Amino acid sequence: MAIQAALILFTVFLILLAIGVPISISIGISAIVTSLMVVPFDVAIFTISQKMINGVGSFSLLAVPLFVLSGNIMNNGGVAKKLVNFAKVLGGRIPGSLAHTNVLGNMLFGALSGSAVAACAAIGGTMAPLQKEEGYDPAFSAAVNIASSPAGMLIPPSGVLILFSLVAGGVSVSALFIAGYIPGILMGASVMLVAFFHAKKHKYPVSQRVSFKEALLVFLDALPSLLLIVIVIGGIVGGAFTATEGAAIAVIYPLILSMFYKTLTLENMKDIILKTAVTTGVIMFLVAASSAMSWIMAYTGIPQAISGLILSISTNKIVILLIMNITLLIVGTFMDLTPAVLIFTPIFLPIATQLGLHPVHFGMILVFNLCIGIMTPPVGSVLFIGCSVADVSIEKTIKPLLPFFAALIIVLLLITYIPELSLFLPRLFNII
């Protein structure tokens, strides 16, 4: 039954995607069609409806719209400019310093906003004109921005890691947040390394020397924004509040900050709330539909069947993890990060735990894979945004992106086969 159900589920799902049906509706319809093959109509409709409602009924899930709102406030509240100025100081006087500023800006803003798209648009939109003035190739500038934007999905706070925690059966959000630092920093560092060699080869200019006094002033200007990470993550890890309560603080703090900077108006807030509501609606419907799909997969034994199939190919841990990585990289090219996490976590997590992987370690592998996916065609949201803000075509951007892809895949393999890169910090803080 499991194999037949899997064929029906994924065939219907892929056909609907191919003809242009939105992914959340494709997930819901494929779950309903598959359930009709195994249970009576009335039971199928009642159960699917119940699972969809229960899927969005979690208190922890409230953190996601709150972090979305927080990111939208910061994206419109002048925070990006202050972080870019601070990143310039951190970038120093090394070849390609503006490219390094772009990477550091994405890591900082992405960590604050929890959104790769927001970081790509805000930091890329600020950096692209500056790099063009300095003689940087626009396609290279776009590639740097695109390759570094997803780092904020790993560096906490991250809504994607909260979703993974829920789908994975309550894996500690605190542990996932702390675990994300090293993979996220490695992602940014690998991009900076490639950018350094490219800039050195093409003799890109370095930034002007900044005096200690100027650097201190820039740091103090950015400090209020940077404190958000300390307050939210410190509070969650320290047990002062939950991830959801931390998300509420992540809304209030930048709101007060933006009011102090006088960068938000009532009209801005209307747009921000509307944008947040639309994004939240999309995410919640995805979660609801994916909950229905997860139920029918569990009911028909699809995860166990896929697990058995993969384990029949090889019992070697290295080979199985490589198969999982290749699968997720392929999935990431045509599926956005959120639905991919919701669909493939229940499929691959049992295999990972059977191999002896800690769920937190697997979470880092999964999210890192999918972060690479959102910068690849044909549906890479970050790829489209990055090319748009840099005013350069996707065709011209792909070639300079290739060395960054290679570096990121090397980092992915390191994270996959060296568990301590993900587990060292959670163990250090005695969270796992």
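Data for the structure
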item	result
Charged-residue dipole, Cβ positions (Lys, Arg, Asp, Glu), the stretch 31-151 about Cα centre, Debye nearest 20	300 debye
Overall Cα dimensions of the stretch 1-56, principal axis frame, Å, largest first	29, 28, 16
Directionally averaged shadow of the stretch 199-244, computed from the convex hull of its alpha-carbon atoms, nm²	5.9 nm²
Sparsely packed trypsin sites (Lys or Arg not before Pro) within the stretch 148-208, loop by DSSP, other Cβ within 10 Å at most 11	203
Normalised alpha carbon radius of gyration of the stretch 261-354 [divisor 2.2 N^0.38 Å]	1.54
Ascending count of other beta-carbon atoms within 10 Å, so fewest first, for 267, 134	267, 134
Ranked 42, 391, 336, criterion: other C-beta atoms within 10 Å, fewest first	42, 391, 336
Taking the C-alpha atoms of the stretch 194-278, convex hull volume expressed per residue in Å³	211 Å³
At q = 0.07, 0.08, 0.13 Å⁻¹, base-10 log of I(q)/I(0) for the chain (Debye sum, equal scatterers on each alpha carbon)	-0.34, -0.44, -1.16
Backbone HN-Hα couplings from phi across the stretch 287-295 [Karplus 6.51/-1.76/1.60, Hz, Gly and Pro as x]	4, 4, 5, 5, 5, 5, 5, 4, 5
For the stretch 128-143, Karplus couplings with θ = phi - 60° (6.51, -1.76, 1.60), whole Hz, Gly/Pro x	4, x, 5, 5, 5, 4, 7, x, 6, 5, x, 5, 5, 4, 5, 4
Equivalent-ellipsoid semi-axes of the stretch 85-218, from the Cα gyration tensor, Å, largest first	29, 15, 12
Space enclosed by the convex hull of the alpha-carbon atoms of the stretch 378-420, per residue, Å³	92 Å³
Under the Karplus curve 6.51 cos²θ - 1.76 cosθ + 1.60, θ = phi - 60°, whole-Hz ³J(HN,Hα) for the stretch 304-312, x wherever Gly or Pro sits	5, 5, 5, 4, x, 5, 5, 5, 6
Dimensionless Rg/Rh of the stretch 31-139 - Kirkwood Rh, Rg from C-alpha atoms	1.31
Residue order, fewest to most surrounding Cβ atoms within 10 angstrom, among 41, 424, 362	41, 424, 362
Counting all C-alpha pairs of the stretch 317-394, share separated by more than 15 Å (%)	56 percent
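Bear in mind these aren't lab numbers, they're just calculated from the coordinates by the rules spelled out. Quick caveat: nothing in here was measured; it's all calculated off a predicted structure. Neighbour counts run over all protein chains shown; Cβ positions are idealised from the backbone, glycine included.
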